[in-house]
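Peer 1: Take this structure first; my questions come after.
Quick note: the coordinates plus some simple rules give every number you see, no bench work behind them. What you see is a predicted model; the values in this text were computed from it and never measured. As a convention, Cβ positions derive from the backbone with ideal geometry for all residues, glycine included, and neighbour counts pool all protein chains shown.
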């Protein structure tokens, strides 16, 4: 069997959500490795089947797409693919990668797997800086001593966000940002949920009105709030002057929303199309019940 046919059969089986059909595409003694993640491997056809049973259960609408496929004779095939769907908790997941498969008797017998969770990683300058400064793994393991003044800062109307730690600096565990909230009449965020992130907020300066589900608390310096993903919440500046908060997000990634929102505000002269803002919120797994976030008071 042509290796390309084997791979296409595998993708079709994934999209049919048929773990037995998926497993039939693999040799009983299949084994693979992930060179970018040492120690991660799959051994045996049954382990392949077990993995896809879990995926089909946890991501009921998962779909795979074969982007490219190149065969080297009858025994090797290179593929580029994307796979994604929505988890039961509402979190959208998307993976992309390149696999190199060895083929034996029309089945996938061995693999080298290069896959990654699709995420916002910053602009090309940031990427080049990380490459020039060493691998992301090396950087994430390094101790850090820094000053807030050294962090990248963006404007969100009258508010400011300083990105103190990004996900690539913490091995993808969390991000740390400092948010400066302008006083009223600058609006706070609408009630919303984060579908993918847990959030910890700590008040550094000023007074903040915090709403968690149906509870409302007025918080001063030293107060903090832990918001599990999926929990409705919002906050606003309740004082006469600026308020500063530290925000920890785990896993990291939502801070990319603030970065892109700043760019959208700049391009629109401070008054972006609400539909564009809602699309940006959805992209970053923020559900505000159809409301668009505003950063300046309505005229």
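Peer 1: Using the alpha-carbon atoms, what tilt in degrees (0 to 90, nearest 10) does helix 274-283 show relative to the longest principal axis of the chain?
Peer 2: The helix 274-283 is inclined about 50 degrees to the chain.
Peer 1: Among (i) 24.5, 84; (ii) 22.1, 74; (iii) 23.0, 74, which is the computed Rg and Dmax of the Cα atoms in Å?
Peer 2: Of the labelled values, this structure produces (iii).
Peer 1: For segment 134-287, what number results from the quotient of the Cα radius of gyration and 2.2 N^0.38 Å? List each step's numbers first, then the result.
Peer 2: Numbers: Rg = 15.5 Å, N = 154, 2.2 N^0.38 = 14.9 Å.
Compared with the compact-globule rule of thumb, segment 134-287 sits at 1.04.
Peer 1: Once a ≥ b ≥ c are taken as the square roots of the eigenvalues of the Cα gyration tensor of segment 225-297, is the result rounded (a/c under 1.5), prolate (a/b larger than b/c) or oblate (a/b not larger than b/c)? Numbers along the way, then the final one.
Peer 2: Details: a/c = 1.61, a/b = 1.16, b/c = 1.39.
Oblate, because a/c is 1.5 or more while a/b does not exceed b/c.
Peer 1: What do you get for the angle between helix 255-267 and the principal long axis of the chain? Use alpha-carbon atoms, 0 to 90 degrees, nearest ten.
Peer 2: Approximately 70 degrees, to the nearest 10.
Peer 1: Right, next: Counting only DSSP beta bridges with both residues in the chain, tell me the antiparallel percent, nearest 5. Mind showing how you got there, number by number?
Peer 2: On the way: 72 of 76 bridges.
Around 95 percent antiparallel, to the nearest 5.
Peer 1: Still on this structure, I have one more. Sort 287-294, 217-224 for me by packing, meaning the mean count of neighbouring Cβ atoms within 10 Å per residue, highest on top. Walk me through the numbers before you get to the answer.
Peer 2: Numbers: 287-294: 15.0, 217-224: 13.1.
Output ranking for 287-294, 217-224: 287-294, 217-224.
Peer 1: Which order, highest average first, do 202-212, 270-280 follow once you tally other Cβ atoms within 10 Å for each residue and take the mean per peptide? List each step's numbers first, then the result.
Peer 2: Numbers: 202-212: 18.1, 270-280: 14.6.
With the highest mean Cβ count within 10 Å placed first, the list reads 202-212, 270-280.
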